[in-house]
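Structure first, then comments.
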Amino acid sequence: MLPSPAPLRARPCPAQPPASQAEAANDADGLPLPRRLAAIAAILGAGVLVVLDGAIANVALPSIAEQLHTTATDAVWVITAYQLAVVMFLLPASALGARLGYRRVFASGVALFTLASVLCAVSGSLPLLLAARFLQGLGAAAVMPLGLALLRFTCPRQMLGRAISWNALAVAGATAAGPATGAFILSVSSWPWLFAVNLPIGMLVLAACTRLPQVPPSRDRIDAWSIALNATMFASFVLGSDWLASNPLHGGALLGLAFACLILLVRREMPKAAPLIPLDLLRGQSFRISIVASVCCYTAQMAGFVTLPFYLQHELGLGTAATGLLMTPWPLAVMLAAPLSARLAGRVPTAWLCAAGGACFALGLAVCALWPLQGGNPSLPIVLFTSLAGLGFGFFQTPNNQNMLLSAPKERSGAASGAQGTARLTGMTLGSLLISLGFGLLPAHAAVHGGLALAALAALASGAVSLLRIR
């Protein structure tokens with residue numbers, strides 16, 4: 001009797017995998033060069049769109065208040081509504097990106113931001129404008145964290161530092177160009193055109209989004225209760241911080257509510273493998289140190305940005321135009337430092353780069369606070385000091401973000417980017433809160449110099465915390 005034939009073994013390539021699986025496999029090691037350039041253009045273009053809009057909106061507040069017949073205090077909500085939406089939905093957007101696909105959620109964020117920009121332009125009343133700005137913030141909340149995550153799947157690992165530096169370069173350039181762009185548009189037209197110009201830019205970015213990498217979605221369930229707790233926590237924190245100086249009772253109650261929501265959210269998310277708040281990533285020492293250092297650095301940045309205009313105008317007697325010009329070297333120096341730090345990140349440990357950047361940042365802020373500038377022409381010293389601060393910030397930011405992303409598993413890149421964005425917004429809120437408290441408790445002269453000194457200490461702390469990674 002003949003022996004039965006052995007079962008056939010599967011051939012190495014029995015059939016081509018589905019297109020989406022093949023595309024995902026290629027995306028895992030970065031995209032091929034022609035597509036990679038288009039994907040990077042989409043990511044950087046979306047970042048510039050979001051940052052530039054936020055920068056030029058500040059310039060329009062007096063015009064908006066006048067044309068909509070409202071007070072300056074109410075007009076500030078045009079900025080607050082946008083920031084509130086971003087901070088409330090930054091982490092949920094990261095979770096949605098992991099669950100539904102980074103490209104889909106990122107492109108949806110760009111589309112929502114562009115549509116909301118049109119709604120802003122046609123708003124005829126403050127409530128409608130605030131609603132449209134809140135929708136813009138929702139779109140920005142999807143763009144901000146997922147951009148860095150998509151960069152990780154777009155570029156090979158050895159290129160990631162340079163890609164992050166390009167992102168920092170684009171953001172700094174948009175920040176520097178924002179006030180001048182807004183002033184130019186207002187000089188030839190009315191404030192709605194500040195938002196209408198986003199339509200052609202947004203359409204171009206949306207067209208480029210088709211070249212973004214297709215990252216396979218996860219199977220993690222979206223927890224609606226956790227999203228609600230997260231939104232309530234951050235909304236209470238932002239509003240409580242804003243109201244603490246003017247209404248301590250209500251502000252303190254909101255901060256207490258934020259703390260209670262944080263405890264409930266942590267308890268709810270702790271057992272999960274992929275929690276909304278990235279507790280799994282925070283257990284890693286390198287990632288945790290990068291987050292804490294980032295909070296310190298952005299606290300210093302916001303404290304310096306808020307205090308310097310008061311110093312230049314009230315202490316030194318400079319005009320608004322001169323103040324804007326003297327603050328421009330800061331983001332320009334960031335643009336110079338970001339690509340240099342990316343090149344050095346492959347040769348020098350990121351802990352040392354971040355420590356040096358934090359020390360340089362602190363030195364620039366400290367000399368602003370201590371150098372006697374009254375009398376004579378303070379322009380040259382201020383340019384040197386703010387450039388020094390910008391160089392330090394640029395040398396810190398790129399390697400710290402690179403370390404943060406690479407400390408997380410690739411499938412948790414969205415959560416890592418969301419944590420980075422949350423750290424940035426938390427630091428900026430703390431910086432503005434501390435300066436607001438200083439102005440409420442101290443004389444103007446002491447508050448200005450004390451605010452700059454506090455910013456210098458926070459910058460120094462960011463560098464010192466970064467050194468803990470050496471251990």
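The values are calculated or read from the model by the stated rules, or taken from the named source; none is laboratory data. Predicted model only: the values in this text are computed from it and were never measured. For neighbour counting, all protein chains shown are included, and Cβ atoms are generated from backbone atoms with ideal geometry for every residue, glycine included.
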So A464 clears everything in (1) of a type outside the set (K, R); (2) at pLDDT 85 or above; (3) within 18 Å of A362 (Cβ to Cβ); (4) surrounded by 18 or more Cβ atoms within 10 Å (Cβ to Cβ) except one condition, right? Which one?
(4)
In region 32-65, residue surrounded by the most Cβ atoms within 10 Å (Cβ to Cβ) [restricted to those that are without any contact (Cβ under 8 Å) to a residue 24 or more places away in the chain and part of a helix (DSSP H, G or I)]
A65
Within region 266-312, residues touching a Gly at 6+ places or on another chain (Cβ under 6 Å) and either closer than 18 Å to I222 by Cβ or at pLDDT below 90 (or both) come out as M302, A303, T307
Selection status of L194, crowded, with 18+ Cβ neighbours inside 10 Å, farther than 28 Å from S123 by Cβ and touching a helix residue (DSSP H, G or I) at 6+ places or on another chain (Cβ under 8 Å):
no
Just one of (1) modelled with pLDDT under 85; (2) farther than 20 Å from P278 by Cα; (3) part of a helix (DSSP H, G or I) trips up L373, so point out which.
(3)
Name the residue that is modelled with the highest pLDDT, counting only residues in region 186-224 that are of a type in the set (G, A, S), farther than 30 Å from R268 by Cβ and over 22 Å from the mean Cα position of the chain (by Cα).
A207
If I filter region 93-103 down to residues being of a type outside the set (S, T, N, Q) and crowded, with 24+ Cβ neighbours inside 10 Å, which single residue comes out as nearest to T70 (Cα to Cα)?
A93
Count of residues meeting criterion [of a type outside the set (A, V, I, L, M, F, W, C), without any contact (Cβ under 8 Å) to a residue 24 or more places away in the chain and assigned to a helix (DSSP H, G or I)] in region 415-443:
1
Here are the criteria: (1) farther than 28 Å from N58 by Cα; (2) aliphatic (A, V, I, L, M); (3) in a helix (DSSP H, G or I); (4) free of Cβ contacts under 8 Å to residues at least 60 places away in the same chain. Tell me which single one A359 does not satisfy.
(4)
Which pairs have Cβ atoms under 7 Å, sit 6 or more apart or on different chains, and link a residue in region 190-202 that is free of Cβ contacts under 8 Å to residues at least 24 places away in the same chain to one that is outside any helix (DSSP H, G or I) and among the hydrophobic types (A, V, I, L, M, F, W, C)?
none
Of all residues in region 202-240, which are among the small types (G, A, S) and in contact with a Ser or Thr (Cβ under 7 Å, 6 or more places away or on another chain)?
G202
Looking at (1) more than 22 Å from the chain's Cα centre (by Cα); (2) part of a helix (DSSP H, G or I); (3) closer than 14 Å to F395 by Cβ, find the lone condition where L340 falls short.
(1)
Tell me the residue from A260, A366 that is small (G, A, S), in the same structural domain as G240 (by TED's automatic domain parsing) and modelled with pLDDT of 85 or more, please.
A260
Could you list, in sequence order, all residues of region 213-253 that are in contact (Cβ under 8 Å) with a residue 40 or more places away in the chain, among the aliphatic types (A, V, I, L, M) and assigned to a helix (DSSP H, G or I)?
I227, A231, A235, V238, L239
Apart from one, (1) closer than 24 Å to L332 by Cβ; (2) of a type outside the set (G, A, S); (3) out of contact with any helix residue (DSSP H, G or I) (no Cβ under 7 Å at 6 or more places or on another chain) all hold for L437; the odd one out is (1)
For L281, indicate whether it is closer than 18 Å to G390 by Cα and part of a helix (DSSP H, G or I).
no
Restricting to region 370-411, count the residues that are surrounded by fewer than 23 Cβ atoms within 10 Å (Cβ to Cβ), of a type outside the set (A, V, I, L, M, F, W, C), under 27 Å from G101 (Cβ atoms) and in contact (Cβ under 8 Å) with a residue 60 or more places away in the chain.
3
Those residues of region 104-146 which are buried (at least 23 other Cβ atoms within 10 Å of the Cβ), closer than 21 Å to R36 by Cα and not aliphatic (A, V, I, L, M) amount to F106, G109, P145
